[in-house]
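The structure under discussion appears below in the form of structure tokens.
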Amino acid sequence: MADFAVLRFTKIKSMRSLRGALAHNLRVQHTPNADPAKGLFNRVPVHMNSIEKCLSIYGERLGKQTPRKNAIYAHEAVVTGSPDVINNMNVQQQMAYFEDALKWLQRLHGGKDRLVSAVVHYDETTPHLQAIFIPIDDRGRLNSRSILGGHRNRLSELQTEFANDVAAKYGLHRGRPHSPAHHQSLREWYGKEPEARERHAMLSKELDALTREVAARQDDLDKLREECSHLANEAKRMEGANGMRLDALKQLVGDLEANQRPSHRPRR
């Protein structure tokens, strides 16, 4: 049985993407991979239960600074584990794991005042925590590098630290470091990238438009087929009528020719 801890980070690079991530986490928008019937079991703090409240927290922490063009606006973390382990925990054990994970993430980001949003989702296949932090340094400036940067193995180190400090208490262990296995990003994993959703919506509209166009052209094609059938029938009718006229004309010519032939009277 797999017993791996799961810790993933993604970097949010615009306010638009931040709003999209909040909309997904708070289930403000339709989430295809979530079961609406289980949505009531999701856990979210009251003071973070709307996009507006979360953005207000973010604005207070950001202050009056203007983010650089290439700034990282927020970090989103997801915490879960192998489904066999997580789903075999009772609710109290699951919540204890997620609470310890959230405290660890808060320390990583410099304090709980950096937390913008936290939701524990129970409406998907495996319960998981999704938390969003504003990555500010001691000077109050956006500085993702001071938390998740530094060197190329930083994320791997964080996964090891998390497994040792938190996950091990719950029977979860670190996956093999530097594994060649491909890990999807959070956006790929949960299918909630705002740009991807917009792309999907755009393609859906294009598909609807093409479907309507195909239907309209099918109607035109059906009308053309009906018209062609009508013309074919008319042609046959006219051909039959013309054939009758031709037969009558031939008969008339034959009669005329017969009347014009000289009569041969017998000699006396």
Restricting to helices (runs of 4 or more DSSP H) lying wholly in region 79-172: which have 3 or more residues that are crowded, with 17+ Cβ neighbours inside 10 Å? 91-109, 154-165
Condition check for Lys53: of a type in the set (D, E, K, R), modelled with pLDDT under 95 and more than 28 Å from Asp165 (Cβ to Cβ): no
Restricted to region 30-59, and to residues that are among the charged types (D, E, K, R) and under 18 Å from Lys112 (Cβ atoms), which residue is most open to solvent (accessible area, probe 1.4 Å)? Arg43
Of the residues in region 2-57, how many are among the hydrophobic types (A, V, I, L, M, F, W, C) and on the phi > 0 side of the Ramachandran plot? 0
May I ask you to list the residues in region 95-132 that are of a type in the set (S, T, N, Q) and more than 23 Å from Ser144 (Cα to Cα)? Thr125, Thr126
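The values are calculated or read from the model by the stated rules, or taken from the named source; none is laboratory data. Predicted model, so just to flag it, every value in this text is computed and none were measured. All Cβ positions, even for glycine, are placed from backbone atoms using ideal geometry, and neighbour counts span all protein chains on display. In case anyone asks, the SASA skips ligands and DNA or RNA and just uses the protein heavy atoms, side chains included. Shrake-Rupley method; radii C 1.70, N 1.55, O 1.52, S 1.80 Å.
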